[in-house]
Structure formats: structure tokens, C-alpha cells
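See below for the structure under consideration.
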Amino acid sequence: MKKYNTIFLTLGIAATFLTSLSHSQELERGRMLYENHCLKCHESRIHIRKQHKVKSLGNLDKEINRWVKELKLEWQGKELRDVSVYLNQTFYKYNSDKEGNPMPISMKSSVFKHNEEIPTQNTCDGKDISPPLFWSNLPRGTKSLVLIVDDPDAPDPAAPKMTWVHWVLYNIPAETIGLAEAVTATNLPSGTKQGLNDWKKTEYGGPCPPIGRHRYYHKLYALDTILPDLKKPTKSVLEKAMQGHIIQRVELMGTYKRH
């Protein structure tokens, strides 16, 4: 009897592991499908985070089918299920763990991982386009988001003298889930305002270190307010305006060295 109990226990553990692995794979497939398509329609009324007010998984599935039909996506049963699993896990868990504790903000990029090298295309040695960024688990009460990208290693990491600012955005709508690659003033989420970087420009300026390997911090702030029009503020002006309004923040750091 003990022998059989051991066998059944082993089989149960294995089944649980395989189920967990399968669920993780569904989440990843769903995330990639959603991010690859939804970030292209920030201005669309069918943006899933903005429009979906679902109360059950069944309603969510109906909304996804409507969204897929309007976007004319060629998704079949498997793709629909993966996206449904991802959205249910990501957007409808109320940003808390099983004990009800707030989940920290998460921010990722599909082209580089934290503490890894930023692709050449996102630097002055390539196309100098902004990297794609995705975030989740925004805290309750978030009214707007701020994104600041800067380099604390300028001009030389061996003897840094200043922090060089590469990108400043504020009043990013709280319902957005990220920024597409190569985003410009014409396709930023509605309501988003731009500040000045240290080239005295409003657009993204990619890594262009004169010497050594530099660190580039992509910092996202969740605010409890929508800021007034600050008229193309510098980073320091924006940080002053944010004081007392930051609920949470998260950082994604990439590195770059010119070859």
C-alpha cells in the first residue's frame, strides 16, 4: 500500500509541475500575441485595457473575439485561449497577490533584459529609435505615468560627472500598457506630453557614449494625479512637479558600449 501511495504521490507532483509549466507557456504566448498587436492601436477605441469592463472569463472571451474581428487578426482557437489566459492573469487579478498585498510595478522590453546590452538599432550607431517597453501591475489610484530615461555614467563611467537625460515623457495615460518601438510624437498615447532631453530636444535620443560602457535607466513612475502642462519641462522641473504624487516606480536598466 505504501508503495502505491508513493507512486500516486509522485504522479501527482509530476502532473502539478506539467500543469504549471503549460500555464507559464500559455502566458508567454499570450503576452507576445497581445503585445505585438495591441501596442499598434493606442488610439483605437478597441484598445483592450481601455474598453474591457468584464466580470467573468466568459465575457472576456467574447470581448477578445470582438477585438480580433475588428482588427482582422487571423487568430484561431489556440491563440485566442493564450491571449485570454494572459489578459485574465495580467489585468483582472486586481494587482494583488493571494494575500491581497499590492504587487510591484513590472516593466520589460522585448529587445533587451534588465542589466543587458541595448540593441544597436536603439542607439546612435543604428536607427536611434526608442525601444519597445511594456508594463503591468500599476497600483490602484494611478492617474498618469511618467517615463524618464537617463545615463548616470556621463561622460566616462570611470569618472562620471553628470547624469545625461535621453527621454522625458509625462501624463502617459494610466490605461496604457506600454510604448511601441520607434514611437514618435505623432503616435504617442493620447494626452502624453514630452519634456526636453539634454540635447534640448523632445524626442528620444538613444545611447551614444563617448567612452566605456554606460548604464541607461528607463524609469517609470505611477502618479496619483495628471500633471498640468509644464511646457516641455526638463527632467529636474518634472521631478519637482511629481513630488508628493509618486505612488510607485520601477526601473529597467540596459547598457551600451560603442564598438
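The values are calculated or read from the model by the stated rules, or taken from the named source; none is laboratory data. The structure displayed is predicted, hence computed values, not measured ones. Cβ: placed from backbone, ideal geometry, glycine included. Neighbour counts: every protein chain shown.
Regarding Tyr221, is this residue surrounded by 17 or more Cβ atoms within 10 Å (Cβ to Cβ) and in contact with a Phe, Trp or Tyr (Cβ under 7 Å, 6 or more places away or on another chain)?
No.
Please indicate, with yes or no, whether at least one residue in the stretch 244-252 is surrounded by fewer than 15 Cβ atoms within 10 Å (Cβ to Cβ), in contact with a strand residue (DSSP E or B) (Cβ under 9 Å, 6 or more places away or on another chain) and in the same structural domain as Trp135 (by TED's automatic domain parsing).
Yes - at least one qualifying residue is present in the stretch 244-252.
Name the residue that is nearest to Ser190 (Cα to Cα), counting only residues in the stretch 109-140 that are of a type in the set (Gly, Ala, Ser) and in a loop (DSSP other than H, G, I, E, B).
Applying the filter and picking the extreme gives Ser130.
Report whether or not Ile177 is touching a Lys or Arg at 6+ places or on another chain (Cβ under 8 Å) and assigned by TED's automatic domain parsing to the domain that holds Lys219.
Yes; evaluated as a whole, the condition is true for this residue.
Taking Glu43 as the residue in question, decide whether it is outside any helix (DSSP H, G or I) and modelled with pLDDT under 75.
Spelling it out, Glu43 is indeed outside any helix (DSSP H, G or I) and modelled with pLDDT under 75.
Just one of Ser106, Ser84, Ser96, Ser110 is of a type outside the set (D, E, K, R), touching a strand residue (DSSP E or B) at 6+ places or on another chain (Cβ under 9 Å) and at pLDDT below 75; which is it?
Exactly one residue qualifies, and that residue is Ser96.
Answer with yes or no whether Thr202 is within 21 Å of Ile105 (Cα to Cα), in contact with a strand residue (DSSP E or B) (Cβ under 7 Å, 6 or more places away or on another chain), assigned by TED's automatic domain parsing to the domain that holds Arg215 and at pLDDT 95 or above.
For Thr202, the condition - within 21 Å of Ile105 (Cα to Cα), in contact with a strand residue (DSSP E or B) (Cβ under 7 Å, 6 or more places away or on another chain), assigned by TED's automatic domain parsing to the domain that holds Arg215 and at pLDDT 95 or above - is not met.
Tell me, which residue of the stretch 175-195 that is crowded, with 17+ Cβ neighbours inside 10 Å and either small (Gly, Ala, Ser) or within 22 Å of Tyr256 (Cα to Cα) (or both) is farthest from the chain's Cα centre (by Cα)?
Restricting to residues being crowded, with 17+ Cβ neighbours inside 10 Å and either small (Gly, Ala, Ser) or within 22 Å of Tyr256 (Cα to Cα) (or both), the top hit is Gly195.
Among (1) at pLDDT 85 or above; (2) over 17 Å from the mean Cα position of the chain (by Cα), there is one condition Val146 misses while meeting the rest; what is its number?
Going through the list (1) at pLDDT 85 or above; (2) over 17 Å from the mean Cα position of the chain (by Cα), Val146 breaks only (2).
Is it fair to say Tyr217 is assigned by TED's automatic domain parsing to the domain that holds Lys127, farther than 20 Å from Asn115 by Cα and of a type in the set (Phe, Trp, Tyr)?
No; evaluated as a whole, the condition is false for this residue.
Out of (1) surrounded by fewer than 17 Cβ atoms within 10 Å (Cβ to Cβ); (2) at pLDDT 95 or above; (3) closer than 19 Å to Thr176 by Cα, the odd one out for Ser236 is which?
That leaves (3) as the condition not met.
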